[in-house]
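Asker: The structure follows.
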Amino acid sequence: MSFQQEILRRRTFGIISHPDAGKTTLTEKLLLFGGAIQEAGAVKNNKIKKSATSDFMEIERQRGISVATSVLAFLYKDKKINILDTPGHKDFAEDTFRTLTAVDSVIVVIDVAKGVEEQTEKLVEVCRMRNIPLIVFINKLDREGKDAFDLLDEVEQKLGLSVSPLSFPIGMGYDFKGIYNIYEKNINLFSGDNKKNIEETIAFDNIDNPDLEDIIGTQAAEELRDNLELVNGVYPPFDKDAYLKGMQHPVFFGSALNNFGVRELLDCFVDIAPSPRAKMSEQRLVKADEEQMSGFVFKIHANMDPKHRDRLAFIKIVSGTFERNKPYLHVRQNKKLKFSSPNAFFAEKKEIVDISYPGDIVGLHDTGHFKIGDTLTEGEHLQYKGIPSFSPEHFRYINNADPMKSKQLYKGIDQLMDEGVAQLFTLEMNGRKIVGTVGALQFEVIQYRLEHEYGAKCSYENFPVFKACWVAAEDPKNDEFKEFQRVKQKFLAKDKRGQLVFLADSQFSLQMTQSKYPSVKLHFVSEFD
């Protein structure tokens, strides 16, 4: 197969949603249809040992939530599909935001009963800013929920999307009979059996055909005709170009738990979703079909396998082919590196690949060379942009709870911070370590992983800080900056890369500092440089 054909058959996308909308369940069912797994895990019931394939960290299995992006790949209809299943919980939003830099399109999952929720709004906003093509999947139709038209209105108003329904439900909850697939012009009848792979599908070009009454009943047939007439009158017909430009958003209805509407979503997705797209670097626009390899690190994960203490850097290939044992330039360090065992993924199962193409996600074993945002090329000095890092909102002192294991603790903290799970600050005054996170649940994850992956125990103490700001002085030698350092020494720390950080204890203190020391610039985002 030619290089160009390999690019065209790739589909790399992320699945995003609010927690509990059924995102991980949908991922499982997509894998089921792709033949990548034989039986889906019971995501909801944590007592069952067989948990969701994409939730491979022990803490995810215990709590029933996803806390890290996982990478899954499979073949379907001769297309190579790469799924990035992201955490929905707001405390892990930073991981999701970074992951969105590595996808070419997105599927948003919405709960039929809860509708559009706050976390979904934030994530969709990021997609819209980047014009990422987006498909909406309204899930859990086997339960009672909001009216389909009310949901479509909510998606348009709250998320600012221009929707075009490509399927429509026949009833809902107890009355749920199936789905009319507008895209393929057929009816899927609902059996309610979640072990069954594919339910009954009947081709139905003309919904005015009287046979419809025999299949779904007179009342349901009348309602469906009325609803489809309204859909055709209110919403624009599907326009693939508008979808690819991020200006129109197809909507599908279904029940992921019952495997319903998932095949229709997947079939349409492989048909319309974009192959790997060009990506902007700080220097120029890089196209997928360029011969020279380039890619960037969007995630680092320590201890993919706790038995082997391995650390993997996840790289999205943007252009060219990534080959095993070929030297590539690590742009930030300006040195050549070779990789003897690049990995492709299926959740925690990994296999060594000889060649990867644009759109693929490759895991590279890392001994500490990589940081999030690093670029690899065949020699060109490129730097990809748009990998966000946020000022933390929660801060705690971290203490060693087992003096015999201090080496393990520091190694664990060091590796977890490189993953971007949280940020570490060392106070200038006394050298005490402070962990800053975007969400409070991350403290629990750090504590759990330190104990179970590194054999170290930690305890926390509250540290009352309002905001962490990175400090940039116009002139580090001027008196104003020296005065700032002297007065605020109690609140100054260094981050993991040695940058000076001001830990403001209140909004008032922050404003006073900004007005008193105008030449000292305070930043809420630390650029990865």
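The values are calculated or read from the model by the stated rules, or taken from the named source; none is laboratory data. Keep in mind that this is a model prediction, so the values were computed, not measured. Heads up, the Cβs are rebuilt from the backbone with ideal geometry, glycines too, and the neighbour counts pull from every protein chain shown. Accessible surface is based on the protein model in full, side chains and every heavy atom, while ligands, DNA and RNA are left aside. Shrake-Rupley method; radii C 1.70, N 1.55, O 1.52, S 1.80 Å.
Asker: Please verify whether residue 275 is among the small types (Gly, Ala, Ser), within 27 Å of residue 22 (Cα to Cα) and open to solvent by 20 Å² or more (accessible area, probe 1.4 Å), treating the condition exactly as stated.
Answerer: For residue 275, the condition - among the small types (Gly, Ala, Ser), within 27 Å of residue 22 (Cα to Cα) and open to solvent by 20 Å² or more (accessible area, probe 1.4 Å) - is met.
Asker: Checking residue 339 against (1) within 30 Å of residue 162 (Cα to Cα); (2) free of Cβ contacts under 8 Å to residues at least 40 places away in the same chain; (3) surrounded by 14 or more Cβ atoms within 10 Å (Cβ to Cβ), which single condition isn't satisfied?
Answerer: The single condition residue 339 does not satisfy is (1).
Asker: Also: Out of everything in region 12-33 that is open to solvent by 20 Å² or more (accessible area, probe 1.4 Å) and farther than 22 Å from residue 113 by Cβ, what residue ends up being modelled with the lowest pLDDT?
Answerer: Looking at the filtered set, the residue picked out is 33.
Asker: May I pose another question? With respect to the numbered conditions (1) closer than 21 Å to residue 503 by Cβ; (2) in a strand (DSSP E or B), which one is the sole condition not fulfilled by residue 376?
Answerer: (1)
Asker: I'd like to check something: does region 474-483 contain any residue that is under 35 Å from the mean Cα position of the chain (by Cα) and open to solvent by less than 70 Å² (accessible area, probe 1.4 Å)?
Answerer: no
Asker: Please enumerate the residues belonging to region 227-264 that are modelled with pLDDT of 90 or more and under 20 Å from residue 9 (Cα atoms).
Answerer: Scanning region 227-264 gives 240, 241, 243, 244, 245.
Asker: Could you tell me how many of the residues in region 383-434 are touching a residue at least 24 places away in the same chain (Cβ under 8 Å), of a type in the set (A, V, I, L, M, F, W, C) and loosely packed, with under 15 Cβ neighbours inside 10 Å?
Answerer: 1
Asker: Would you pick out the residues in region 76-97 that are modelled with pLDDT of 75 or more, of a type outside the set (S, T, N, Q) and open to solvent by less than 10 Å² (accessible area, probe 1.4 Å)?
Answerer: If the condition is that a residue be modelled with pLDDT of 75 or more, of a type outside the set (S, T, N, Q) and open to solvent by less than 10 Å² (accessible area, probe 1.4 Å), then 81, 83, 84 are the ones that fit.
Asker: Examine region 412-433 for a residue that is among the basic types (Lys, Arg), assigned to a strand (DSSP E or B) and either closer than 18 Å to residue 521 by Cα or at pLDDT 85 or above (or both), and state whether such a residue exists.
Answerer: The answer is yes; a qualifying residue exists.
Asker: Can you say whether residue 257 is in contact with a helix residue (DSSP H, G or I) (Cβ under 6 Å, 6 or more places away or on another chain) and either at negative phi or open to solvent by 10 Å² or more (accessible area, probe 1.4 Å) (or both), as far as the supplied structure shows?
Answerer: Taking the combined requirement at face value, the residue satisfies it.
Asker: Also, I was wondering about something else. What number of residues within region 431-462 are farther than 18 Å from residue 409 by Cβ and more than 29 Å from the chain's Cα centre (by Cα)?
Answerer: Final tally of qualifying residues: 1.
Asker: Quick check, is residue 314 in a strand (DSSP E or B), at pLDDT below 90 and open to solvent by less than 10 Å² (accessible area, probe 1.4 Å)?
Answerer: Spelling it out, residue 314 is indeed in a strand (DSSP E or B), at pLDDT below 90 and open to solvent by less than 10 Å² (accessible area, probe 1.4 Å).
Asker: Residue check, residue 439 against (1) part of a loop (DSSP other than H, G, I, E, B); (2) open to solvent by 20 Å² or more (accessible area, probe 1.4 Å), all met but one. Which one?
Answerer: Status for residue 439: all satisfied but (2).
Asker: Assuming residue 344 fulfils every condition listed in (1) open to solvent by 20 Å² or more (accessible area, probe 1.4 Å); (2) of a type in the set (Gly, Ala, Ser); (3) part of a loop (DSSP other than H, G, I, E, B) apart from one, which condition is it?
Answerer: Checking residue 344 against (1) open to solvent by 20 Å² or more (accessible area, probe 1.4 Å); (2) of a type in the set (Gly, Ala, Ser); (3) part of a loop (DSSP other than H, G, I, E, B), the one that fails is (3).
Asker: Do you know which residues across region 144-174 are in contact (Cβ under 8 Å) with a residue 40 or more places away in the chain and more than 14 Å from residue 249 (Cβ to Cβ)?
Answerer: 148, 149, 168, 169, 170, 171, 172 - these are the residues of region 144-174 that are in contact (Cβ under 8 Å) with a residue 40 or more places away in the chain and more than 14 Å from residue 249 (Cβ to Cβ).
Asker: Report every pair of residues separated by at least 6 positions or lying on different chains whose Cβ atoms are under 9 Å apart, first residue within region 435-458 and free of Cβ contacts under 8 Å to residues at least 24 places away in the same chain, second of a type in the set (Ser, Thr, Tyr).
Answerer: Short answer, once both residue conditions are applied: 447/459; 447/460.
Asker: OK, next. For the subset of region 216-244 comprising residues that are within 18 Å of residue 133 (Cβ to Cβ) and in contact with a strand residue (DSSP E or B) (Cβ under 8 Å, 6 or more places away or on another chain), which member is surrounded by the fewest Cβ atoms within 10 Å (Cβ to Cβ)?
Answerer: Here the residue is 237.
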